[in-house]
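The values are calculated or read from the model by the stated rules, or taken from the named source; none is laboratory data. For clarity, every value in this text was computed on a predicted model and none was experimentally measured. A quick note on method: Cβ atoms are made from the backbone with ideal geometry, for glycine too, and the neighbour counts reach across all protein chains shown.
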Amino acid sequence: MLSISGIGQIALPVRDLQRAIVFYRDTLDLTLLFEHSNAAFFDCDGIRLMLSVSERSEHGHPACLVYYRVPDIAAAAETLRARGVEFEREPHVVSRLPSYDLWLAFFRDSEGNRLGLISEQARG
């Protein structure tokens with residue numbers, strides 16, 4: 001019987017590991033857990049994010065979209081902009097739900113992977 005209990009790790013392909021480490025550690029403020037071989041591992045609130053260099057061609061392009069949860073999307077976007085991040089889509093409401101508005105924003109990391117910010121803003 002299968003019993004999936006959550007996500008343990010997300011892997012993102014990178015071309016330049018050291019450049020990616022600087023982006024995720026210094027720009028996104030993620031904690032670098034360790035480096036091993038051609039990979040670096042970060043903590044993202046209990047989910048491990050693995051950045052890895054792959055020699056295989058099918059892994060040589062942006063592969064998935066990771067959404068980072070933030071409490072205040074406008075403040076998070078402002079902080080990232082001050083650190084040199086350019087947004088492809090500025091923070092915007094994508095859905096108005098009964099008790100909150102769902103906000104998203106999109107940008108790219110140093111390796112071309114598209115990333116998102118996601119925030120649930122309570123309505124008062």
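Annotations for the structure displayed:
- Candidate set from the range 65-106 (those that are more than 25 Å from ARG25 (Cβ to Cβ) and hydroxyl-bearing (Ser, Thr, Tyr)); member that is farthest from the chain's Cα centre (by Cα): SER99
- Pairs linking a residue in the range 9-26 that is closer than 15 Å to MET50 by Cβ to a residue that is polar (S, T, N, Q) and modelled with pLDDT of 95 or more, with Cβ atoms under 8 Å and 6 or more positions apart or on different chains, are ARG25/THR31.
- Top-ranked residue in the range 1-26 [being closer than 25 Å to ALA77 by Cβ, within 12 Å of the chain's Cα centre (by Cα) and surrounded by fewer than 17 Cβ atoms within 10 Å (Cβ to Cβ); ranked as modelled with the highest pLDDT]: ARG25
- Matching residues in the range 56-93 - criterion: being assigned to a strand (DSSP E or B), of a type outside the set (D, E, K, R) and modelled with pLDDT under 95: VAL66, TYR67, TYR68
- Scanning the range 98-123 for residues that are buried (at least 17 other Cβ atoms within 10 Å of the Cβ) and acidic (Asp, Glu) yields ASP109, GLU111.
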